[in-house]
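J.: Take a look at this one; I'll ask things after.
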Amino acid sequence: MEPLALFIQCWHTVVCCIGFFLNGLLIYLCIFKSPKTIQSFATFIINFALNDLVECFFDMFLAYRVVPTPGTFVIFFVYNGFCTSFGQEFCKIGNSIFLHCLPHGLWSLLVSFAYRLYIFSNTALSRTRIVQILLIVYIPSFAQIFLFAPNFSDQETAQSRALKYIPQYDLRNKTIASMSGIGNWSALYSLVHICAPIYPVYIAIFIIRRKIIQKLESVKIISKETKSMHQQLLKCLTFQAFIPVFLLIGVCLYLICQFAIFSHPIIENAVFCIVIFMPTLSPVTYLYFVRPYRLFFKKPNEIASRFADTTRNTNSQQQMSKVEI
C-alpha cells in the first residue's frame, strides 16, 4: 500500500474508533443516566449518536478519496478501507449508507432546535411521538440510499473512465467506482440533498435559536432549575450547530477540485478526512454541556480524590505515631 493511502486508512481508523467510543458512551448515558426532565430530549440525542455511530463505521469501512473531474460532472471514488477486502459492491453500498448520514444529521439538528422552541408553549412529547417525528424526517435520507446506489459504475467501467478523465492517476490496482453527477434525476437528487440543505438549515437554526433566547428572557414563571436546564440544552445545541462546519469545509475542498482551482491527492483525501470530525466531535457537546452526563465523569474523580485524601491522612497519622514513639 502507498504511504499516503496507508496514512489515510490509519487516520480514518483512529478518528472513527474515538467516535465509536464517545457515541457508544453517550447512548449508554442517555438510556441509563437521563433524569426524567430531559428523557424526551434524550431521544433526539440517541438519534444523533446512532447516526454518528453508523457514519463512523462506514467511514472506517471505506476510508475513501473523492476525485472530481473539472469540466465534467464525472466523480470518482477511490477506496482505501476495509471494504476493498470484500469487493467493489460492498464499497458502493457502504458509500451510499455513509453519505445518507450527512443530511440526516443536519435535518435532525433542525428538528431538535424546533423542539426546544415547541416545549416553551406545549408539554413535552412522549418518546414514541418523538420517534415517529424522527422517522418522518428520516424518509428523504433513507430514500437517498436507494436512489444513490444504482448510479455507481462497476469496476471495469470506472477503470476505463479513469483512463479517459484522469489519466494522470494510476488507479489500475485500486478499488474504485465512478458516477455522473447529473446523469439522471436520482443522482442529482442525492447530490443536492447532501450539499444544498446546509445553507437554508443554518439560517432556520439561527432564527429559531434567537426565538428561544427571547422566550428565555421573557418567561418569568419558570423555576431557576428549569430555566438553567433550557439554557444548558440551548448552549449544547448551539455548539452542535457549528459541527456541520466540517461538512461545509469538505464541500468547499471538493468544489476547489471540481472547478480546477487547485487539485492534488492530499486535497481529494482531505475532503472526508475533515468531514469525519463531525460524528467524532458531536457527542462531546452533549457529554460536556448536559449536566447529568457531565456529572457522570466527575464522580470517578471525586472518588479518586477522596481515596487520595484518605491515603494522605493515613500516612500522616502513621508518621505522627512514629514521632510519638
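J.: Specify the residue that is surrounded by the most Cβ atoms within 10 Å (Cβ to Cβ); the eligible residues are those in the range 67-93 that are touching a Lys or Arg at 6+ places or on another chain (Cβ under 9 Å) and in a strand (DSSP E or B).
T.: Restricting to residues being touching a Lys or Arg at 6+ places or on another chain (Cβ under 9 Å) and in a strand (DSSP E or B), the top hit is Val78.
J.: Let me ask you something else. How many residues are more than 17 Å from Gly81 (Cα to Cα), charged (D, E, K, R) and in a loop (DSSP other than H, G, I, E, B) when one looks only at the range 163-180?
T.: Number of matching residues: 1.
J.: OK, next. Scanning for something among the aromatic types (Phe, Trp, Tyr), more than 23 Å from the chain's Cα centre (by Cα) and closer than 24 Å to His100 by Cβ, does the range 177-185 turn up at least one residue?
T.: Yes, the range 177-185 contains a residue that is among the aromatic types (Phe, Trp, Tyr), more than 23 Å from the chain's Cα centre (by Cα) and closer than 24 Å to His100 by Cβ.
J.: Name the residues in the range 119-148 that are under 16 Å from Thr37 (Cβ atoms) and more than 21 Å from the chain's Cα centre (by Cα), would you?
T.: Within the range 119-148, Ile119, Phe120, Asn122, Thr123, Ala124, Leu125, Ser126, Arg127 meet the criteria.
J.: So which residues in the range 253-290 are under 17 Å from Tyr199 (Cα atoms), over 12 Å from the mean Cα position of the chain (by Cα) and modelled with pLDDT of 90 or more?
T.: Selection gives Leu253 alone.
Rundown of residues vs (1) surrounded by fewer than 20 Cβ atoms within 10 Å (Cβ to Cβ); (2) part of a loop (DSSP other than H, G, I, E, B), yes/no style:
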position: Tyr28; (1), (2): yes, no
position: Ser34; (1), (2): yes, yes
position: Phe41; (1), (2): no, no
position: Leu50; (1), (2): yes, no
position: Asp59; (1), (2): no, no
position: Leu99; (1), (2): no, no
position: Phe120; (1), (2): yes, yes
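J.: Being of a type in the set (Lys, Arg), more than 22 Å from Cys257 (Cβ to Cβ) and buried (at least 18 other Cβ atoms within 10 Å of the Cβ) narrows it down to one residue among Arg116, Arg161, Arg129; which is it?
T.: Arg116
The values are calculated or read from the model by the stated rules, or taken from the named source; none is laboratory data. Quick caveat: nothing in here was measured; it's all calculated off a predicted structure. Cβ atoms come from the backbone with ideal geometry, glycine included; neighbour counts cover every protein chain shown.
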